[in-house]
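A.B. asks: Here's a structure for you.
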Amino acid sequence: MRPFDEIRESDAAVAEILAEEQLRQQNTIELIASENHVSCAVLRAAGSIFTNKYAEGYPGRRYYGGCANMDTIEDLARERAKKLFKCEHVNVQPHSGSQANTAVYLGFLQPGDTILSLDLAHGGHLSHGMKINITGLLYNIVHYGVSKETETFDMAEIRRLAKEHKPKLIITGASAYPRTIDFAAFTEIAQEVGALHMADIAHIAGLVAAGLHPDPVPVAEFVTTTTHKTLRGPRGGMIMCKADYAKKIDSRVFPGIQGGPLMHVIAAKAVAFGEALKPSFKKYQQQIITNAKALCEGLQSAGIRTVSGGTDNHLMLVDLRPSHPNVTGKAAENWLEQANIITNKNMIPFDERKPVETSGLRLGTPAITTRGMKEPEMKQIAAWISEILTSNGDADVIGRIRGGVLEMCQQFPLP
Ligand code: DSN
């Protein structure tokens, strides 16, 4: 049977697009730090008959009949998440990380309240206070950034900002910060100024679950995450909190900002949490970090600068300016894609270029680690990236490297 033949019988056009995407994923090296390749079990659960069911409400308190299996699966997902993250309460219904964050804001802030969060241009996230996001529209946003010298958080400066602006909420977590986040130090500052602390661990959730990154669950009032990045589950979100906040969090998710939960996605979350509870998950997360370090060292030994001089987690930020001053992140992303290496342009701290151009490139290792790639492959990928950048996107160089990438991809099939 060809892939997607079941769909092809009723819709050849969609089957063709799906088959193309399967081929694209098989034949490319995926370095987008927020993406991953889920297991067949997660994929199958996400595409299961649970998609047919409405289940507004929570287990035991639904607004529809026929929800017995919905209750069982949601309870299972919640129990597994609680075991994985050792949290007091969890809500697995948020459709996305932004929804998870929004539920926290609506539960514990009033319009006009002050939020202290990481600047998007320094690695933050749009749901942490971007001007035209709901956060920027509803709340008074004050940003912290990284220090110009170290390109890491300057806790003294963050404390100073907190004391000056007296935020009601401090948000930690990032989408492009390659270093360890000291969540406990942020909680200390929050307590000093009477703020709540929300840690958005979307990027590093897998590392946290595996005990390879400091854990915000014991120290932050709220911990939000997506489930599809290092955690390697279906596309979706989740909120963890202390028991005292449980009722309000649940009511802000439903009916506050969402209607019917995506029960097929919750089933897939349960599968992913089950996978994350296995000892092999810790090894996988460790290899993600090892691979990120190896990729980073490979780039550095080719003369390419990375922001803050390295990485402690699953990602790194390439600063193109010193080694390739005329190459923008946009051009680099485009050349690499022609060679089947998928990345995303990214602002670097204090970037002089616009967000649509950028001087940086964000690279992450969760997806290629899932495929089984290890340090030797990282060395090779770093060499390819360097060669393409140095060639200024030369078509012959790109063509030759594309051949090498295809060969490497053959050796590491998708799950
Ligand atoms: N858009 C995601 C990322 O790529 O980091 C964050 O939500």
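The values are calculated or read from the model by the stated rules, or taken from the named source; none is laboratory data. Everything quoted here is computed from the prediction, not taken from an experiment. Counting neighbours? That spans all protein chains shown, and the Cβs are built from the backbone with ideal geometry, glycine included. Remember, those area values only see protein heavy atoms, side chains included, never the ligands or the DNA or RNA. Shrake-Rupley method; radii C 1.70, N 1.55, O 1.52, S 1.80 Å.
A.B. asks: Residues that are under 28 Å from Gly360 (Cβ atoms) and either in a helix (DSSP H, G or I) or among the aromatic types (Phe, Trp, Tyr) (or both): does the stretch 191-204 have at least one?
C.D. replies: Checked against the condition, which is being under 28 Å from Gly360 (Cβ atoms) and either in a helix (DSSP H, G or I) or among the aromatic types (Phe, Trp, Tyr) (or both), the stretch 191-204 yields no hits at all.
A.B. asks: Starting from residues that are of a type in the set (Val, Ile, Thr) and outside any loop (DSSP other than H, G, I, E, B), keep the ones in the stretch 1-39 and report whichever is nearest to Leu414 (Cα to Cα). Before you say what the answer is, go through the steps one by one.
C.D. replies: So the first thing to find is which residues in the stretch 1-39 are of a type in the set (Val, Ile, Thr), and the list is 7, 14, 17, 28-29, 32, 38.
Within this subset, residues satisfying the condition of being outside any loop (DSSP other than H, G, I, E, B) are 7, 14, 17, 29.
Details: Ile7: 21, Val14: 21, Ile17: 18, Ile29: 11 Å.
Filtering first and then ranking leaves Ile29.
A.B. asks: Here is a further query. Only one residue in Gly399, Gly404, Gly393 is of a type in the set (Gly, Ala, Ser), more than 19 Å from Leu317 (Cα to Cα) and assigned to a loop (DSSP other than H, G, I, E, B). Which one? It would help to see each step written out before you state the result.
C.D. replies: On the way: Gly399 fails: assigned to a loop (DSSP other than H, G, I, E, B); Gly404 fails: assigned to a loop (DSSP other than H, G, I, E, B).
None of the others qualify; the one that does is Gly393.
Residue by residue, here is whether (1) of a type in the set (Asp, Glu); (2) within 16 Å of the ligand (Cβ to nearest atom); (3) over 17 Å from the mean Cα position of the chain (by Cα); (4) closer than 20 Å to Gln286 by Cβ holds:
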site	(1), (2), (3), (4)
Val193	no, no, yes, no
Met198	no, yes, no, no
Leu212	no, no, no, yes
Thr230	no, yes, no, yes
Pro234	no, yes, no, no
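A.B. asks: Can you work out which of the residues in the stretch 1-39 that are of a type in the set (Ser, Thr, Tyr), away from the ligand (no atom under 16 Å from the Cβ) and surrounded by 15 or more Cβ atoms within 10 Å (Cβ to Cβ) is farthest from Gln285 (Cα to Cα)?
C.D. replies: From the stretch 1-39, those of a type in the set (Ser, Thr, Tyr) are 10, 28, 34, 39; that's our starting set.
Cutting the leftovers down to away from the ligand (no atom under 16 Å from the Cβ) gives us 10, 28, 39.
Narrowing the set further to residues that are surrounded by 15 or more Cβ atoms within 10 Å (Cβ to Cβ) leaves 28, 39.
On the way: Thr28: 21, Ser39: 15 Å.
Applying the filter and picking the extreme gives Thr28.
A.B. asks: Cβ contacts < 6 Å: first residue without any contact (Cβ under 8 Å) to a residue 12 or more places away in the chain and within 17 Å of Thr172 (Cβ to Cβ), restricted to the stretch 124-137; second residue in a helix (DSSP H, G or I) and away from the ligand (no atom under 12 Å from the Cβ), any location; separation 6+ or different chain. Result?
C.D. replies: Met130/Gly136
A.B. asks: Right, next: For Thr224, indicate whether it is closer than 20 Å to Ala209 by Cα, assigned to a loop (DSSP other than H, G, I, E, B) and among the β-branched types (Val, Ile, Thr). Before the answer, list the steps.
C.D. replies: Working: closer than 20 Å to Ala209 by Cα: yes; assigned to a loop (DSSP other than H, G, I, E, B): no; among the β-branched types (Val, Ile, Thr): yes.
No.
A.B. asks: Consider the stretch 343-357. How many of its residues are in contact with a Gly (Cβ under 9 Å, 6 or more places away or on another chain) and either part of a loop (DSSP other than H, G, I, E, B) or at positive phi (or both)? Write out each step before concluding.
C.D. replies: Step one: of the stretch 343-357, the residues in contact with a Gly (Cβ under 9 Å, 6 or more places away or on another chain) are 343-351, 353, 357.
Remaining after also requiring either part of a loop (DSSP other than H, G, I, E, B) or at positive phi (or both): 343, 347-351, 353, 357.
Qualifying residue count for the region: 8.
A.B. asks: Further question: Would you check which residues across the stretch 335-367 are away from the ligand (no atom under 16 Å from the Cβ) and β-branched (Val, Ile, Thr) and list them?
C.D. replies: Residue satisfying the conditions is Ile341 alone.
A.B. asks: If I go through the stretch 343-383 residue by residue, how many of them are of a type in the set (Gly, Ala, Ser), open to solvent by 10 Å² or more (accessible area, probe 1.4 Å) and in contact (Cβ under 8 Å) with a residue 60 or more places away in the chain? Walk me through it before giving the result.
C.D. replies: Of the stretch 343-383, the ones of a type in the set (Gly, Ala, Ser) are 359-360, 364, 367, 372, 382-383.
Then keep just the ones that are open to solvent by 10 Å² or more (accessible area, probe 1.4 Å); that gives 372, 383.
From the residues that got through so far, the ones that are in contact (Cβ under 8 Å) with a residue 60 or more places away in the chain too are 383.
Going through the stretch 343-383 one residue at a time, the tally reaches 1.
A.B. asks: Considering only residues that are surrounded by fewer than 24 Cβ atoms within 10 Å (Cβ to Cβ) and not β-branched (Val, Ile, Thr), look in the stretch 204-229 and name the one that is nearest to Ala268 (Cα to Cα).
C.D. replies: Ala210
A.B. asks: Please work out which one of (1) out of contact with any Pro (no Cβ under 7 Å at 6 or more places or on another chain); (2) open to solvent by less than 10 Å² (accessible area, probe 1.4 Å); (3) not hydroxyl-bearing (Ser, Thr, Tyr) is the condition Glu56 fails and give its number.
C.D. replies: Answer for Glu56: the failing condition is (2).
A.B. asks: Just to verify a result, which residue in the stretch 40-65, among those that are basic (Lys, Arg) and either in contact (Cβ under 8 Å) with a residue 24 or more places away in the chain or part of a helix (DSSP H, G or I) (or both), is nearest to the ligand (Cβ to nearest atom)? First the steps, then the outcome.
C.D. replies: The first filter runs over the stretch 40-65 and keeps only residues basic (Lys, Arg), leaving 44, 53, 61-62.
Of the ones still in play, those that are also either in contact (Cβ under 8 Å) with a residue 24 or more places away in the chain or part of a helix (DSSP H, G or I) (or both) are 44, 53.
Numbers: Arg44: 25, Lys53: 27 Å.
Per the criteria, the residue is Arg44.
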